[in-house]
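Below is one structure, written out as structure tokens, with a few remarks after it.
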Amino acid sequence: MPSLPLSLLLLFLIQACPVRPQGYDRNIFVLAGQSNMAGRGGVVNHTATGVTTWDAVVPPQSRPNPSIWKLDAHLTWVEAREPLHADIDYKKTNGVGPGMAFANAVLEKHPELGVIGLVPCAIGGTVISEWERGRELYSEMIKRGKASVRDGGVIRALLWYQGETDTVNLQDAQLYERRLHKFFLDVRDDLQSPLLPIIQVALASGSGPYIEIVRQAQLGTDLLNLRTVDAHGLPLQPDGLHLSTPAQAHLGQMMANAFLQFVPSTNINYNLSPIRNEAIRLYNFAFSVYMLPFFITLLAIIYKSFL
């Protein structure tokens, strides 16, 4: 019957038409560094008792959103809420960090992104040498990053805030720029994303006297798709080291603005990664070239069936 081959042709055309590759349903951000990334906003050390507590005050910019998820310590996606790093930096008391405010600000300006997945990895008090490739913190971060995309999604950026502890020792401060540069390249290599956007924070404070050496290293690091947000001057907690809750919320919005420089006004999911875009384009081109003879043959068969 003539109608049967025609219906089959339509079915083939629908099924075989190039489509957008899977895995764009979740936009993933890896959060790494030390305590100011983990979040100490609202954390108070009661000197009389020695007990550290969080005041549980969450600013509007950092409130939960059903479109914001986090990868917990068990590599399970759960709804994100402050304190974001409670089960990651579990040896410390965590409070408000920049992650939730970042995610809310991104979605406010680009709701078409749909779902954001945050991957907390920051650990308080760590020096950058502890984040070298092959060491525990680095390996755990890469493991969590890879786990975050197993059921779909794309890692959109690394959010990095670290360096306060590297201000204590002069040698650490002097080596910081070289170590930081290598760290960024290693992360891109191990996450198989050579142009992965990186949003780093230049220090607002430090644990030692060499803050400016580390800050200059951060501000002087020059890599493609790297943006540096300067936290200098943001309000600190009474300890003089950690950002206050309002400062963390503001920092998250600053980091969101930096990330959004990578985001075009339209066609968001196709354009965040130049390498992925090229792969998609080549895939569709190759599909068209190699499937064309098949469709010509199929059309010839259908044409003969009408004769």
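The values are calculated or read from the model by the stated rules, or taken from the named source; none is laboratory data. All of these numbers come straight from a predicted model, not from anything done at the bench. We place every Cβ from the backbone using ideal geometry, glycine too, and count neighbours over all the protein chains shown.
Hey, can you tell me all the residues within segment 191-207 that are surrounded by fewer than 16 Cβ atoms within 10 Å (Cβ to Cβ) and at negative phi? Lay out the reasoning, then the answer.
Restricting attention to segment 191-207, the residues satisfying the condition of being surrounded by fewer than 16 Cβ atoms within 10 Å (Cβ to Cβ) are 192, 194-195.
Within segment 191-207, 194, 195 meet the criteria.
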List every residue pair whose Cβ atoms sit under 8 Å apart, with the two residues 6 or more apart in sequence or on different chains, where the first one lies in segment 103-128 and is more than 16 Å from residue 29 (Cα to Cα) and touching a residue at least 12 places away in the same chain (Cβ under 8 Å) and the second, anywhere, is assigned to a helix (DSSP H, G or I) and β-branched (Val, Ile, Thr).
112/268; 125/165; 126/165; 127/165
Can you tell me which of (1) more than 30 Å from residue 239 (Cα to Cα); (2) in contact with a Gly (Cβ under 8 Å, 6 or more places away or on another chain); (3) crowded, with 23+ Cβ neighbours inside 10 Å is the one residue 159 doesn't meet?
(1)
Give the residue that is farthest from residue 136 (Cα to Cα), with candidates limited to residues of segment 62-76 that are free of Cβ contacts under 8 Å to residues at least 60 places away in the same chain and in a strand (DSSP E or B).
68
Would you check which residues across segment 206-244 are touching a helix residue (DSSP H, G or I) at 6+ places or on another chain (Cβ under 9 Å), more than 20 Å from residue 42 (Cβ to Cβ) and among the aliphatic types (A, V, I, L, M) and list them?
211, 213, 214, 217, 223, 226, 229
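Can you confirm whether residue 92 is surrounded by fewer than 24 Cβ atoms within 10 Å (Cβ to Cβ) and either farther than 19 Å from residue 146 by Cβ or not small (Gly, Ala, Ser) (or both)? Working first, answer last.
Details: surrounded by fewer than 24 Cβ atoms within 10 Å (Cβ to Cβ): yes; either farther than 19 Å from residue 146 by Cβ or not small (Gly, Ala, Ser) (or both): yes.
When the stated conditions are applied, residue 92 passes them.
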State which residue pairs qualify: first residue farther than 28 Å from residue 193 by Cβ and inside segment 157-180, second residue of a type in the set (A, V, I, L, M, F, W, C) and part of a helix (DSSP H, G or I) in any location, beta carbons under 7 Å apart, and separation of 6 or more residues or different chains.
167/173; 167/211; 167/214; 173/213; 173/214; 174/213
Failed condition for residue 86, given (1) assigned to a loop (DSSP other than H, G, I, E, B); (2) under 17 Å from residue 26 (Cα atoms); (3) without any contact (Cβ under 8 Å) to a residue 12 or more places away in the chain:
(2)
Return the total of residues in segment 183-238 being outside any loop (DSSP other than H, G, I, E, B), within 22 Å of residue 137 (Cα to Cα) and among the hydrophobic types (A, V, I, L, M, F, W, C).
11
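Condition check ((1) farther than 26 Å from residue 182 by Cα; (2) in the same structural domain as residue 244 (by TED's automatic domain parsing); (3) modelled with pLDDT of 95 or more) across all residues:
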| position | (1), (2), (3) |
| --- | --- |
| 78 | yes, yes, yes |
| 82 | yes, yes, yes |
| 85 | no, yes, yes |
| 89 | no, yes, yes |
| 99 | no, yes, yes |
| 112 | yes, yes, no |
| 128 | no, yes, yes |
